[in-house]
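Quick note: the coordinates plus some simple rules give every number you see, no bench work behind them. All of these numbers come straight from a predicted model, not from anything done at the bench. Positions of Cβ are backbone-derived with ideal geometry, glycine not excepted, and every protein chain shown enters the neighbour counts.
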Amino acid sequence: MNTEYIAYRGECIRFSGNPFQDQQALEYITDALLIIENGRYTYVGDYHSGKHRLATLKISATKISGLICPGFVDLHCHYPQIDIIGSYGKQLLDWLNDYTFPAELAFADPTHCQATAKKFISSCLRNGVTTAAVYCTVHPQSAAALFEESLTRNMRMIAGKVLMNRNAPTDLCDTVQSGYDDSEALINRYHQKQRLSYAVTPRFAPTSSNEQLESCGALLQKHPSVYCQTHVAENKDEVAWVAELFPQSSSYLSVYRDFNLLTPKTILGHAIYFNEQDWSLAKEHQITLAHCPSSNLFIGSGLFDMGTAIAHQPEITTGLASDIGGGTNLCPLATMNEAYKVSQLQSNSLTAAQCFWLQTTGAAQALSLHGNIGNIEEGLEADFIVLRANDSQDIQQRLASAESIEEKLFVMIMMGDNRLIDATYIMGQRQHSYQIENYAHHNSSR
Ligand code: GUN
Ligand code: ZN
């Protein structure tokens, strides 16, 4: 293969450390040069210090106008739920029965899977999400469609077919055997293919029998490099139901522990109602928590305790997640906005750097992918976005009076939406441009 070199020049932010430990961890390079070789950064630094490399490589740098930032990582979302975002007025268990399960039934049809996967991936790119941990439905074709679409876009994605064999509509249930076999077939077909990873995905404790949870543990033992993702302690009624269904387990998280589902590659969504035992199990098994603030507020679930999660670093890792369709917005700026406010209610003011880190470098660390993605540094894959105030005079006006990069980022979190995602690059190639998409859109709607 011929080596392909690309270079970009512009303002850039990245992380030199963890902003929960080091207040200087956010690095701002006012005039940065990024040189990318076959999709990976081979130089990141000041333009003037690095520009001689361009002459050696006989390339020039494309100027980027806007702020270059690592691509966003969404630790927990449901692609089959994009068409039920913003469904009114229910709390978790009714919301699942009334909106979610009916929507997921449609994924028996592979054509619907393909069309929705395409819509979801386009939406990720529009919102600056370059990697996500994604729930599909019980149907293996729903996962295949998402993986195929991710391959087409060359995206680093994690996904799995949901496992459920009770307490759900019959047509959304698999069996212990079919759930195991379908998951394993998908692992064999997609796990570690290009940039893809598989996640064994039991929906949550109430929808799997003991035998199914046990079979998930067996799958993880047989395929130790795959992820596990599930929900935990999201809603008070759910926690009470789990205590009833699993009387032999001493806490919600101990159910998953008892079936060998807790590994450093386990991503648990929500974790609002953790007791002391849950926190100590989470720490002991070095699990990842996905904080889903938009969903937790929208479904009325509760407030995640970010302070305690951070206090348990580095054993417990934490990042941000949209949890669409429980969450109401795939845009990570919106997720950060809600995360800030949820922490404010607990007298804990997250900084802009902390919010961005939880959605980039920190989330990549939580997925053990920090050797691949999540930052802008030599050796990593060049998934990045460009932030720029498009079409919003209010934001432009407010940014004009911002005095520091931290202040600008905070304003973007508080006032921004996906119009700020000017472009999204995957492995150095632009896969979304706000300008082009909107120009094309205006033309086609005339
Ligand atoms: N718990 C079990 N399934 C789901 C789901 O689809 N969304 C949310 N938010 N919580 C769940
Ligand atoms: Zn979820």
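Overview of values
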item	result
Criterion (exposed (fewer than 15 other Cβ atoms within 10 Å of the Cβ) and of a type outside the set (S, T, N, Q)) met by exactly one of ALA389, ALA402	ALA402
Region 300-322: number of residues that are in contact with a strand residue (DSSP E or B) (Cβ under 9 Å, 6 or more places away or on another chain), hydrophobic (A, V, I, L, M, F, W, C) and either within 16 Å of ligand 2 (Cβ to nearest atom) or part of a helix (DSSP H, G or I) (or both)	6
Near pairs, Cβ below 7 angstrom, 6+ apart or cross-chain, from region 291-317 (among the β-branched types (Val, Ile, Thr)) to any residue that is assigned to a helix (DSSP H, G or I)	ILE299/LEU92; ILE299/TRP95; THR308/TRP279; ILE316/ALA282; ILE316/LYS283; ILE316/ALA309; THR317/GLN365; THR317/ALA366
Complete set of residues in region 18-60 that are of a type in the set (Gly, Ala, Ser), touching a Phe, Trp or Tyr at 6+ places or on another chain (Cβ under 9 Å) and not in a strand (DSSP E or B)	ALA25, GLY50
Qualifying residue in region 256-279 (condition: more than 23 Å from the chain's Cα centre (by Cα), within 16 Å of ligand 2 (Cβ to nearest atom) and of a type in the set (Val, Ile, Thr))	no
One residue from SER404, SER433 being closer than 21 Å to LYS63 by Cα and without any contact (Cβ under 8 Å) to a residue 60 or more places away in the chain	SER433
Only listed residue being within 24 Å of ALA364 (Cα to Cα) and away from ligand 2 (no atom under 16 Å from the Cβ), chosen from HIS223, HIS231	HIS223
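Matching residues to (1) touching a helix residue (DSSP H, G or I) at 6+ places or on another chain (Cβ under 9 Å); (2) part of a helix (DSSP H, G or I):
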{"position": "ALA363", "(1), (2)": "yes, yes"}
{"position": "HIS370", "(1), (2)": "yes, no"}
{"position": "GLU377", "(1), (2)": "no, no"}
{"position": "ASN390", "(1), (2)": "yes, no"}
{"position": "ILE395", "(1), (2)": "yes, yes"}
{"position": "ARG398", "(1), (2)": "yes, yes"}
{"position": "LEU409", "(1), (2)": "yes, yes"}
{"position": "MET412", "(1), (2)": "yes, yes"}
{"position": "ARG419", "(1), (2)": "yes, yes"}
